[in-house]
Amino acid sequence: MCIRDRFCPIVLSDNITRVKKVVALSECTILLCMTSPNNKAELYSFGADCAALGQDKQLSDQYARLAYSEDIEFKDVVGYGKTAAGITTVGELYVWGSLEKFGSLETAKEEAGKLLKVKLPDNNVALSVSIGEEHMLILTESRTTKKRLVLGFGANSYNQLGVNDVGATKSVLTFFEDRYPYLIAAGYKCSFVACGKKGKGIVHKDCVCANHNTKINGTLYLVTAEEYYCENCVCLLYTSDAADE
């Protein structure tokens, strides 16, 4: 039993070899753990919020594996408030917890548990997901064309879904044709999407450093106002930004 205002150890079962990620929600915590003997990543939870726990009953100060099929293996998990989402090793996306704010999110009940599988665009896999106060962003990629999409679901009262209609509840955030979204973040009432040039990963061979006027042959580290910077400029840029403040 935990004592208020003190750190409390959690005794994990013998099959858990290490904890890869901890996601603290408003009333519960989710753990992404590596387990033996198959070195498989699995989700465990503990706390008082039954829905976000992904369990059949409340497990106060205890922990247990989430209720989902043994065939599913997760590689990442995120959460906010009373909502959580996980991406599997094959690019499927599951959500659970309080989903009322994301009513436009299409799901199909997963037969062997409490988690709901999200319906993605045809032939797309989920790369990442981010949950905000009233909206959710999902980054997907086509298996064939490798085209990436950023999907938004939930409230759009502050245009956080990237469309001008405040009554919209879902959207595909649009970008310039030569942009390549690779990082998403759903804030309190806003959205952030980092983009680069189309290509494999974020490696670019056709960009010119705005400071050195030379081609960038490695990773593009910063994009702002159509200007590109090489690795050698990163420290200079951060120093300049700090000085301006």
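The numbers here are math on the coordinates, done by the rules we state, and not lab data. What you see is a predicted model; the values in this text were computed from it and never measured. Cβ atoms come from the backbone with ideal geometry, glycine included; neighbour counts cover every protein chain shown.
Checking the table Lys101/Lys146; Lys82/Lys147; Lys20/Lys189; Lys75/Lys146; Lys75/Lys170; Lys20/Lys114 against a 24 Å threshold on Cα-Cα, which pairs fail? Can you show the working numbers first?
On the way: Lys101/Lys146 30 Å; Lys82/Lys147 32 Å; Lys20/Lys189 29 Å; Lys75/Lys146 20 Å; Lys75/Lys170 26 Å; Lys20/Lys114 22 Å.
The pairs that break the limit, which is 24 Å between Cα atoms, are Lys101/Lys146; Lys82/Lys147; Lys20/Lys189; Lys75/Lys170.
Alpha carbon centre of the stretch 117-160 versus the stretch 86-109: separation in Å?
11
Would you mind computing, in nm to one decimal, how far apart the modelled labels at Phe192 and Ala48 are, each placed 7 Å from Cα along Cα→Cβ?
3.2
For Glu100 paired with Ser13, estimate the spin-label separation in nm (one decimal), with each label point 7 Å from Cα along the Cα-to-Cβ line.
About 3.3 nm, to one decimal.
Cβ under 15 Å from Ala155's Cβ, Ala155 left aside: what net charge do those residues give with Lys, Arg +1 and Asp, Glu -1? Write down the numbers at each step before the final one.
Numbers: positive: Lys101, Lys170, Lys189; negative: Glu100, Glu133, Glu134, Asp165.
Net charge in that neighbourhood comes out at -1.
Tell me, what HN-Hα J-couplings in whole Hz come from the Karplus equation 6.51 cos²θ - 1.76 cosθ + 1.60 at θ = phi - 60° for each residue of the stretch 127-140, using x for Gly and Pro?
Karplus-based 3J(HN,Hα) across the stretch 127-140 equals 9, 7, 9, 9, 10, x, 5, 10, 8, 9, 10, 10, 9, 10 Hz.
So between Met34 and Tyr182, what do we pick up on full extension, going 0.36 nm a residue minus the alpha carbon distance?
50.7 nm
Scan around Asp76 for amide H atoms under 5 Å from its own, H built in the peptide plane at 1.01 Å from N, and keep only partners 5 or more places away or cross-chain.
Ile87
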